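Written out below as structure tokens is the structure these notes cover.
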4 protein chains.
Amino acid sequence: MAVRVGVVGVGMIGKEHLRRLQRLSGLCEVTAVSDADISAAQAMAVERPGVAVYPSGLDLIGARDVDAVLVTSKGSTHAEYVLAAIAARKPVFCEKPLATTQQDCQRIVDAEVACGRRLVQVGFMRRYDAAYQSLRKLVADGTIGRPLIFYSAHRNPSVPASYTSDMAIHDTAVHDIDVARWLLGDEVVGITVATPRRNSRGGTLRDPILIQMEMSEGAVANIEVSVNAAYGYDIRGEIVGETGVATLAESNPVVVKHNGNFCGHVPGDWRERFNPAFDREIEDWVRSVAGDSATGPSSWDGYAATVATGAALEAVTIRRRVSVTMAGRPNLYT
Amino acid sequence: MAVRVGVVGVGMIGKEHLRRLQRLSGLCEVTAVSDADISAAQAMAVERPGVAVYPSGLDLIGARDVDAVLVTSKGSTHAEYVLAAIAARKPVFCEKPLATTQQDCQRIVDAEVACGRRLVQVGFMRRYDAAYQSLRKLVADGTIGRPLIFYSAHRNPSVPASYTSDMAIHDTAVHDIDVARWLLGDEVVGITVATPRRNSRGGTLRDPILIQMEMSEGAVANIEVSVNAAYGYDIRGEIVGETGVATLAESNPVVVKHNGNFCGHVPGDWRERFNPAFDREIEDWVRSVAGDSATGPSSWDGYAATVATGAALEAVTIRRRVSVTMAGRPNLYT
Amino acid sequence: MAVRVGVVGVGMIGKEHLRRLQRLSGLCEVTAVSDADISAAQAMAVERPGVAVYPSGLDLIGARDVDAVLVTSKGSTHAEYVLAAIAARKPVFCEKPLATTQQDCQRIVDAEVACGRRLVQVGFMRRYDAAYQSLRKLVADGTIGRPLIFYSAHRNPSVPASYTSDMAIHDTAVHDIDVARWLLGDEVVGITVATPRRNSRGGTLRDPILIQMEMSEGAVANIEVSVNAAYGYDIRGEIVGETGVATLAESNPVVVKHNGNFCGHVPGDWRERFNPAFDREIEDWVRSVAGDSATGPSSWDGYAATVATGAALEAVTIRRRVSVTMAGRPNLYT
Amino acid sequence: MAVRVGVVGVGMIGKEHLRRLQRLSGLCEVTAVSDADISAAQAMAVERPGVAVYPSGLDLIGARDVDAVLVTSKGSTHAEYVLAAIAARKPVFCEKPLATTQQDCQRIVDAEVACGRRLVQVGFMRRYDAAYQSLRKLVADGTIGRPLIFYSAHRNPSVPASYTSDMAIHDTAVHDIDVARWLLGDEVVGITVATPRRNSRGGTLRDPILIQMEMSEGAVANIEVSVNAAYGYDIRGEIVGETGVATLAESNPVVVKHNGNFCGHVPGDWRERFNPAFDREIEDWVRSVAGDSATGPSSWDGYAATVATGAALEAVTIRRRVSVTMAGRPNLYT
């Protein structure tokens, strides 16, 4: 039986995930959409016979022809929808952040734990990227020894005018924070943020920033976020272990020699860099829903990321180290 | 309407393509299979409700619930099935070689031309590889100037005991020959083959071989086939143009520094290297069938490749240059 | 006229520099040696006719047949010898550190300034490395825009038993500190040090360490020192500018494909990595002495490096940021 | 005692070697120069006190204050000077070609053999390049197994108007031919030359060319010469062995990310690429002369290269394979 999926939010990311769900047409079918802008949902449905439009996300989540929910609405609305899906015992994929406050994340974790089984997957797509998976495997294999340092650079060529300094932490660095936790297999215990001279291309934006995260077992993650890097969308990662080092390679198909140089290509945006990871992420979610399992990034991962980004924002304000304290990790997530 | 596909031949490649077709379940459905070993076809059907087993490829091609045919049977049987599909006016995807003789290839081209439209796609999957596509785009863009030389190295770690010296040409080099024609946008007019000292790992196999192909406009393709290269499955390609050079990059996700070295990974086999290209190839075929078009490698490409491999085999025997003469290319293929 | 050089200290580095001076036999000749261990100096002289042994460094510096002095004795003795050379108005090359305390460095700067001309060159050989020079040129050319961040990783495969935790700062990181100042063209104003989990290969050594240096114009230098990195002697450097990034490339002559990998070589020790830089450094010093000029790293650079390493050591102890305050830079050094 | 060197020919290369000899001022001194253009020799001597000008190369070779001779005159004059030096029992370094005809090379070999000891070194500087030396070591170590194929690409950005099609073989490919013999440790037995479409940048020059050399033990060297490659001076080399492959790496100090690309530098000319090799070559020659030994490329290497380039020129003319027959290699050269 194909999983009947309802999509809450049909903005840019919502549309891309809809396209992905349609390519999985044997495994799932999109039966319902909703959007804060009802006309956007209606426009979407017109092109797709058999897709019903619901007046609200909550209506959609409650609908009988919806087995599972994909939430790509605005971040501030995530918690409400995810909690509703849990209440309805329906699997839910939620784009990051899981929720914008530690309290809401805690509420989701509590609800899911009360449920006794995992229903939530959070959209940390890097975990589905082949290169990051190789990096993690190398750590697990012991090839480079126990990890000591993780470098992560997250560089965007530019950001829209609506982008704020805090978004560099809760929207952008959140991916590096999650992948640090995942690669190191460890939790954050302290955060410091340094703010180098501003890149003049970004006006008054606090950009770049350097986030230093201490992990409970002593490894340190050094994260750079640069959102006006101009030259491309460049995601760098390196783990320094006790006996070796593993580094994300350039992912470039062809080297051109021309005019005194040899050159390869740097991705232009996150789509180009992470499209295959997004594809695998959505397919994995659909398959896990179909198989009544849940293997992707969890509510706990969403909770931990939100706690860490909150601490980072505080560290920027008070200009010194912030200790990170988390609730105990429920057994459901081990 | 999903395209109803019949698969002739359910050996190793057939199984992989079946898997690919199943992942395209909204676009197509597999309705029929056949195999020279009927029990293999039956075993396949058992696992797939709704798939009928036909006693022969010809029966399958004629069946009413088959809209399009995918041929992955033994090379020597391809011509018969492709001709039958053309006769039935059914689109057909045929693994390389299109046919094992120039005469049979000619017969297929003639039949398709008589038909007035393209029905045949040949399995030259490299044309769907992202790196080769970048290489071709660089030529088209004029970035490196007009092409003068194309280097192609096709290295297998090892081959099974059943592999013969001639297969290095008609089974292995055929991919390099096709991709040379495609990248250079030109036809072969002469072929020379050199045979270096044999690799002792291959026993009496004539391995490696160096094929030099002259193209009609003067570019030269230098092709190496090494089928006992031991270290990995390594596909190298480089175009030397009048003002620059473009080279396939290493496709490796992570660099590891360990024990005095920095190292990346070489693919272990053709699956690892070309799986995404095979996926795109089959999807493109299914979509073109659904859209009543045909855009992939054509009968003419299959014909040209078989003529060239035939000439290369002759060049090995007579130990000197063989002129390649082809029929005029019908308008259908321009 | 060949410059007559006296060498104070004929330990490991002293011997290597002696070898370098001998290769410059048309430009200079070694006329005198001394060593705390007089027998070592005598052994050296036995093999070199015409080289006189002096009972002490001060005697050597005062000798009439010594035009210029090369100091490679123990760090704690540097200040005395350099001050004596300045007093004698003789050019002096001093291995790093210029002196072990800020006070002694200040004394040297003051003496040289009083002299009215530069006599001192400090052994920061990275400034003579072709790759670092390219990096600096790229910044100067504006290719990557104004620098925002400098990453520097300094990894030794291992260190002798006599190596102490503080040496990671004043002996090892000192090179990264100097090269950061030189590449960024700026002075240090604050330092923080993070200490990740210890590498178990180093016993009780505080290793690795992460030094974060703020520069007066706002750029940040992120320095990693790992002295038990096992896999090789690896010097990494990257400058993130406003519009681009420049990174030291791997310096490796041959790529080998073998056993499923493609691999290059990581240098085994500092000699292998920096030998050509040491050669150029010594030759440049000799030529500048012969030409009555002084162009290499100055007393001021030695002073600034010692101030910064002192601050870094304090930052480790007090576990927070230390402000760095330097005297005004005398005009002699601009 | 410093070796007293006389330089025959003070053109472009002669001047560079003069500069190199001067840097070895402890080991040798230049005492004499001559040139077909006497005023050039005089101009050179004016700047160098103690250097005598001789009216001819033969006069210089016979002079009492000349211990060893460096020949960088026009290729057609090499044989006469080298034979004169052998007759005078003076060590001689001769730029390639040793002589322009097989007969003259044979004469030199015979004269040297009659002499009973090696006196001649030929200017195949690639043997002193660190990357080629690593390549050869990898073969010797057995890391890649017995060599089967050697690829060599020799690309110049452009050539002067005086450059002729034949020079691509006897002036340019001669380096690849020598290095193939040296890397493979084997002699040439057959040569074929293919001539792709001409690069329009080179007017009527036969450019590029593809030389295929068969070696006596069966390995094949595939040599490309492109003298209007525009993008840079690019020397590529790859050995395919029975179990692995070794390739010259890009020799580039810094990677720059800018404008959607990551780029490294391709050398601009042979000086930039091979200067360190030239330095080592001349120093090695001077040291071997001083030590009464001879270890560099020999007369035999010069003979074999001239035989091979002669065969390649014939192969171009007759448009098919030319067998290469050499005299037996005298024991002096084993």
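State which entries of C:Lys137/D:Lys15; A:Lys96/D:Lys257; D:Lys15/D:Lys74; A:Lys257/B:Lys137; A:Lys137/C:Lys257 exceed 19 angstrom in Cα-Cα distance in the structure shown. In this structure, C:Lys137/D:Lys15; A:Lys96/D:Lys257; A:Lys137/C:Lys257 exceed 19 Å between Cα atoms. Within the assembled protein chains, the solvent-accessible surface assigned to B:Ile38 is about 70 Å², based on a 1.4 Å probe. Over the residues of chain D, the helix contribution to mean residue ellipticity at 222 nm works out to -11000 deg cm²/dmol, using -39500 (n - 2.57) for each DSSP H run of at least 4.
For the range D:268-330, the Kirkwood estimate of hydrodynamic radius, built from reciprocal distances between every pair of different alpha carbons, is 14.6 Å. Note on C:Ala327 and C:Ser76: their simple-model spin labels are 2.4 nm apart, each label 7 Å out from Cα toward Cβ.
Spherically averaged projected area of the convex hull of Cα atoms, the range C:108-262: 12.7 nm². Considering the rotation that superimposes chain A on chain D, the residue of A whose beta-carbon lies nearest the axis, and that distance in Å, is A:Cys263, 2. Run the dipole for the range A:208-334 about the Cα centre, Lys and Arg Cβ at +1, Asp and Glu Cβ at -1, nothing else charged, and hand back the magnitude in debye, nearest 20. The calculation lands at about 320 debye. Inter-chain Cβ neighbour count for C:198-210, averaged per residue, equals 2 (cutoff 10 Å, partner chain atoms only). In this structure the amide hydrogen of A:His265, modeled in the peptide plane, comes within under 5 Å of the amide hydrogens of A:Val254, D:Phe262, none closer than 5 places in sequence on its chain.
Helix C:102-115 and the long axis of chain C differ in direction by around 50°, with both axes built from C-alpha atoms. Using the 1.4 Å probe convention, the accessible area of the protein assembly as shown works out to 37 Å² per residue with neighbouring protein chains retained.
From the alpha carbon centroid of the range A:199-251 to that of the range C:133-176 is 18 Å.
Rounded, prolate or oblate, given the Cα gyration tensor of the range C:182-282, with a/c below 1.5 counting as rounded? The shape class here is oblate. Remark: label point of B:Pro330 defined 7 Å out from Cα along the Cα-Cβ vector; separations to the same position in other copies 6.7, 7.0, 9.1 nm, ascending. A prolate overall shape is assigned to the range C:226-304, the ratio a/c of its alpha-carbon gyration tensor axes (a ≥ b ≥ c) being 1.5 or greater and a/b exceeding b/c. Summary value for the range C:106-239: 32 percent relative contact order, contacts being C-alpha pairs under 8 angstrom separated by 6+ residues. Take every pair of alpha-carbon atoms less than 8 Å apart whose residues are at least six positions apart; their mean separation over the length of the range C:188-306 yields a relative contact order of 14 percent. Counting heavy atoms of the protein chains alone, B:Lys74 has an accessible area of about 150 Å² for a 1.4 Å probe. All other residues whose Cβ lies under 11 angstrom from that of C:Gln212 are scored, Lys and Arg at +1 and Asp and Glu at -1, for a net of -1. Bridges between two residues of chain C, per DSSP, are antiparallel at a rate of about 55%. Karplus-based coupling profile of the range B:269-278, in residue order and whole Hz: 7, 5, 4, 4, 6, 10, 3, x, 5, 4, with θ = phi - 60° in 6.51 cos²θ - 1.76 cosθ + 1.60 and x standing for Gly or Pro. Peptide A:213-226 has a mean of 3 when you count, residue by residue, the C-beta atoms of other protein chains within 10 Å of its C-beta. Positive end of the dipole of the range C:24-104 (Cβ unit charges, origin at the Cα centre): among C:Ser39, C:Ala87, C:Gly50, the Cα lying farthest that way belongs to C:Ala87. Each other copy holds its own label point for A:Asp110; taking that point as 7 Å from Cα along Cα to Cβ, the gaps run 6.7, 8.2, 10.4 nm, nearest first.
Largest GNM mean-square fluctuation among D:Met213, D:Met12, D:Met44, using chain D with Cα springs under 10 Å: D:Met12.
Simple rule: put +1 on each Lys or Arg Cβ and -1 on each Asp or Glu Cβ in the range C:121-174, find the dipole, and look at C:Met125, C:Val159, C:Thr143; the Cα lying farthest toward the positive end is C:Thr143. Between D:Ala36 and C:Lys15, the simple label model (points 7 Å from Cα in the Cβ direction) yields a spacing of 5.1 nm.
Calculate one ³J(HN,Hα) per residue across the range D:216-221 by plugging θ = phi - 60° into the Karplus curve 6.51 cos²θ - 1.76 cosθ + 1.60, and present them in order as whole Hz with x for glycine and proline. With the stated coefficients, the range D:216-221 comes to 4, 8, x, 5, 10, 9 Hz.
Backbone amide hydrogens, once placed in the peptide plane, bring D:Asp207 within less than 5 Å of D:Asn199, excluding anything fewer than 5 places away on its chain. What's the magnitude of the charge dipole for the range B:20-173 around its Cα centre, counting Lys and Arg as +1 and Asp and Glu as -1 at the beta-carbon? Answer in Debye, nearest 20. Using Cβ point charges on Lys, Arg, Asp and Glu, the range B:20-173 gives about 660 debye.
Computed from the Kirkwood radius of its Cα pairs, the Stokes-Einstein diffusion coefficient for chain D at 25 °C and 0.890 mPa s stands at 118 µm²/s. Across the range A:59-75, the residues whose backbone nitrogen lies under 19 Å from the label position 7 Å along the beta-carbon direction of A:Arg4 are A:59-71. If only the Cβ of Lys and Arg carry +1 and only the Cβ of Asp and Glu carry -1, the dipole of the protein assembly as shown around its Cα centre is close to 0 debye. Dividing the Cα radius of gyration of the range C:25-112 by 2.2 N^0.38 Å, with N the residue count, gives 1.10. Principal-axis analysis of the Cα atoms of chain D puts helix D:299-318 at an angle of about 50° to the longest axis.
Oblate is the label for the protein assembly as shown. Its Cα gyration tensor axes, ordered a ≥ b ≥ c, give a/c of at least 1.5 and b/c at or above a/b. Comparing D:Ala305, D:Ala43, D:Ala246 in a Gaussian network model of chain D, where Cα atoms under 10 Å apart are tied by springs, the biggest mean-square fluctuation is seen for D:Ala43.
Considering only D:Ala168, D:Val189, D:Ser134, and ranking their Cα positions along the charge dipole of the range D:79-217 that arises from unit charges at the beta-carbon of Lys, Arg, Asp and Glu, the one farthest toward the positive end is D:Ser134. Relative to the dominant Cα principal axis of chain D, helix D:174-184 is inclined by about 70°.
If R0 is 45 Å, the Cβ-Cβ spacing of C:Ala130 and A:Gln22 corresponds to a FRET efficiency of close to 0.25.
The mean sequence distance of close C-alpha pairs (under 8 Å, at least 6 residues apart), as a share of the length of chain A, puts its relative contact order at 20 percent.
Of the peptides C:154-162, C:231-239, D:172-180, the order by per-residue mean of other Cβ atoms within 10 Å, starting with the highest, comes out as D:172-180, C:231-239, C:154-162.
In the assembled protein chains, C:Cys105 presents an accessible area of approximately 0 Å² (probe radius 1.4 Å). Inter-copy label distances at D:Asp65, shortest first and taken from points set 7 Å along Cα to Cβ: 2.8, 10.4, 10.6 nm. The protection proxy used here, the mean number of other Cβ atoms lying within 10 Å of each residue, ranks peptides B:217-223, A:115-121, D:66-72 as follows, highest first: D:66-72, B:217-223, A:115-121.
Expressed as a whole percent, the accessible area of chain B that falls on carbon and sulfur atoms is 51 (1.4 Å probe). When cysteine pairs in chain A are screened for C-beta atoms closer than 4.7 angstrom, the residues that find no partner are A:Cys28, A:Cys94, A:Cys105, A:Cys115.
Sorted largest first by accessible area at a 1.4 angstrom probe radius, with every protein chain in place, the residues A:Met326, B:Met215 fall in the order A:Met326, B:Met215.
The values are calculated or read from the model by the stated rules, or taken from the named source; none is laboratory data. Values in this document were obtained by computation on a predicted structure and should not be read as measured data. Virtual Cβ from ideal backbone geometry, glycine too; neighbours counted across all protein chains shown. Ligands, DNA and RNA are stripped out before the accessible areas are found, and what is left, the full protein with its side chains, is counted by its heavy atoms. Shrake-Rupley method; radii C 1.70, N 1.55, O 1.52, S 1.80 Å.
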